[in-house]
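One structure below.
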Amino acid sequence: MGKIILCRGQRTDKPYVTPQTDIKLYSAEELCYYIYNNIYLIGQDLIDDNLIQFLQAVGEGELAARVKKLKESGAPLAQILVTILKSIDYYSVAEIEQLKEILNTLGKQSVCERLKARGDGYLNADFYFAAISCYESIIKDYKGKDLLAADYAKVYHNLGTAYARMFMYEKAVEYYNEAYRLGQHEESKKCSIAASIMAKKDKEPVNVDVQEDEYVVQRELETLMDNARYSDEYRELEDIDRLKGDGNLTQFNQAIDAKLTSWVANLKRYVTINSGFLRR
């Protein structure tokens, strides 16, 4: 989380169990952490009598009364959540302000829409396991409820992309095909062909007698692979390897250590985002 924060509130032996996710919260600070890190999964059902009783149990009686009054007056979900976050003072005003734009749309989105938005965010940030978890929840737990057919097809397409970026090409083909079946978008078909080629790349000899659309994708993949040699990451690894070839073993080991440290930092960042301190 980047810093140690002293929790000023009291804990309760009777936790508040969050709707849908069934996570047990024992303090006001844990409630804030849950809201902040699960913003796309939160709906109006979070604001119930059990939550109000929980706030009273952890020594936030005044806040409990405010939340109850806001609930009874039909206040927007965003207003109630901001009230909780600001009252408990676990996150800074600047951090809360960053959430406001998202919070203002929460009351208008279904659970599946929020899950998709969260999954898309994880995918864009290269957190593939977290993205897959969101997309699979849409498919398995909610059956795409309240999503348009086009958006449901995008869920399958993005699921295929997450698996493809983890080099699990056979799984990617499966989901790209389903995306194409639902949405009939050429991009899904093209990605399915590309994933299929990559899946067979090291298992079967190259088939030169292929259909035109597969041939086009093959050529595009060859171009991408050639261009990868000019990327900063590729050149950096080449430079490191060259140190070893030139006999500069001390510099080589230092460069390897630095690269491993960078990769470990990225892994820790992923773990922090996906686990935190809350457990079921």
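The values are calculated or read from the model by the stated rules, or taken from the named source; none is laboratory data. In this text the structure is predicted, and so the values were computed from the model without any measurement. With ideal geometry, Cβ positions are generated from the backbone for all residues, glycine too; neighbour counts draw on all protein chains shown.
Checking each residue in the stretch 78-111 for being of a type outside the set (A, V, I, L, M), in contact with a helix residue (DSSP H, G or I) (Cβ under 6 Å, 6 or more places away or on another chain), modelled with pLDDT under 90 and in a helix (DSSP H, G or I) picks out only 104.
Looking at 39, 84, 96, which one is of a type in the set (Val, Ile, Thr) and within 30 Å of residue 148 (Cα to Cα)?
Values: 84 fails: within 30 Å of residue 148 (Cα to Cα); 96 fails: within 30 Å of residue 148 (Cα to Cα).
Result: 39 is the single residue among 39, 84, 96 that is of a type in the set (Val, Ile, Thr) and within 30 Å of residue 148 (Cα to Cα).
Do the conditions hold for residue 259, that is, is it modelled with pLDDT of 60 or more, farther than 26 Å from residue 155 by Cβ and assigned by TED's automatic domain parsing to the domain that holds residue 139? No.
When we screen 23, 84 for residues that are out of contact with any Phe, Trp or Tyr (no Cβ under 8 Å at 6 or more places or on another chain) and β-branched (Val, Ile, Thr), the only hit is 84.
Among the numbered conditions (1) of a type outside the set (A, V, I, L, M); (2) assigned to a helix (DSSP H, G or I); (3) in the same structural domain as residue 153 (by TED's automatic domain parsing), the only one that residue 142 does not meet is (2).
What's the total number of residues in the stretch 64-108 that are of a type in the set (S, T, N, Q) and more than 14 Å from residue 43 (Cα to Cα)?
Matching residues across the stretch 64-108 total 5.
Determine, yes or no, whether residue 38 is in contact with a Phe, Trp or Tyr (Cβ under 7 Å, 6 or more places away or on another chain), within 26 Å of residue 13 (Cβ to Cβ) and either in the same structural domain as residue 135 (by TED's automatic domain parsing) or surrounded by fewer than 20 Cβ atoms within 10 Å (Cβ to Cβ) (or both). No, not satisfied.
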